[in-house]
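Below is one structure, written out as structure tokens; comments come after it.
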Amino acid sequence: MIFLRSFVCYFGIALFLSSFSIQAQEFFKAKKQYHWLSTDLHIHTVFSDGDVWPSIRVEEARREGLDLIAITEHLEYQPHSEDIPHPDRNRSFIIANDMVQPNERLQVINGSEITRKMPPGHINAVFIKDGNALLYSDSLSGIEAANKQGGFVFWNHPNYDKHRPDGIARLEPFHKYLIKNKLLHGIEVVNGLTYSEEALKIALDNNLTILGTSDIHSLTDWKHSVSSGGHRPMTFVLTDDKTPVALKKALFEGKTVVWFDNLLIGKKDNIEDLVRNNLSFDIPIYPKGKTILNVELTNHSASPFHLEYTGEYTFHQRSSIFIVPAKSSMVLMIKTEKIRNKLSLPFKVLNTLIAPKKHLNLIFILKQQI
Ligand SMILES: [Zn+2]
Ligand SMILES: [Zn+2]
């Protein structure tokens, strides 16, 4: 009985710690003096068609270790308006933002989802000053107004199957107009539980910022199993300081990587930057009298890395395809046949996408200590 109680007590404490330890967690290490800030730029509450009060969104984001969230209610779609009249379209942002303590890690920014039929479909504007000023009867004026406010504007779920019954994201002349006139700056490649290869191609072809968001309406835990180790889709933004101003600038510059389940999606330079700063090899050694090189490989990040070694050697303990779990180390034993003081190890990182069906290739150089 005592054992059972202490087990329950221990288990309870472990659960308590695991649900709160996420908050302090650094998801990805960045190069010196930079940060990979965790964001979710697409979130709903009862002030449009979401199921929860804005305070729940702040508490969820704190527990999940987010650095910045945008509250983005549908401007036009207001299914709860009889119960919750919504004359001020900034109200849910104000409630959420008022909860944030001075010097808190989490920041909340204002946003709106301009909700139109296709084209252009649904458009998010974040870092805006006043959502009310985006309400127009036509589809273009609200987007122009968001730009006038200095907003970062992106195309939501271009693969939405209510707008695209085949699930294929494709540009209409309206979108081409927005891109040409620099009124549209990003595109969701991941929305909720969906990933769109076609949207990734559109992003790369048109130099749009690559984004992944939760578009959460219910609870993130219910949808993404957060309490059992899952995570909502996040966009990581590479910044040189942690202020919203710096983050906005980096968004406009396209410095993002999307984390969706175990997939990391982004432009090649950004993905390479992230992987190089989160996978490291220790100094290799040859045990005396052997030509099997031993080297420790460490994954510093919160995501596993799925690797394929594409070089000429074989490993002593594993095949050329293996997984380095999150926040862990493993030893690679490489059969080099003779002692080599310098070794280049080419890998394909299979759970990265730098273009449709294209993974990051990179080479690590190992040098023996002499
Ligand atoms: Zn939408
Ligand atoms: Zn939405």
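Every read-out reported here was derived from the displayed coordinates using simple, explicitly stated rules and does not represent laboratory data. Not measured: the values here are computed from a predicted model.
Observations
- Here's how it looks for Thr209: its modeled amide H is under 5 Å from those of Gly186, Ile187, which are all 5 or more places away or on a different chain.
- Residues of type aspartates and glutamates that Lys182 reaches as a straight line, Cα spacing below 17 Å, ignoring anything fewer than 8 places off in the same chain: Glu144, Glu172, Asp205, Glu253
- The chain - mean residue ellipticity at 222 nm from DSSP helices (-39,500 (n - 2.57) per run, n ≥ 4, rounded to 500): -7000 deg cm²/dmol
- Over segment 214-352, Cα pairs under 8 Å with separation of 6+ residues give a relative contact order of 18 percent.
- Cα-Cα separations in segment 299-369 greater than 16 Å, expressed as whole percent: 55
- In order through segment 265-271: 3J(HN,Hα) via Karplus (6.51 cos²θ - 1.76 cosθ + 1.60), integer Hz, x for Gly, Pro: 10, x, 5, 3, 4, 5, 5
- Over segment 227-370, all Cα pairs binned in 5 Å intervals from 0 give whole-percent P(r) values of 2, 9, 17, 20, 17, 13, 10, 6, 4, 2, 0, 0, listed from short to long.
- Here the Karplus curve 6.51 cos²θ - 1.76 cosθ + 1.60, taken at θ = phi - 60°, turns the phi angles of segment 81-86 into couplings of 5, 5, 8, 10, x, 9 Hz, with x standing for Gly and Pro.
- The chain: proportion of alpha-carbon pairs further apart than 29 angstrom, %: 46
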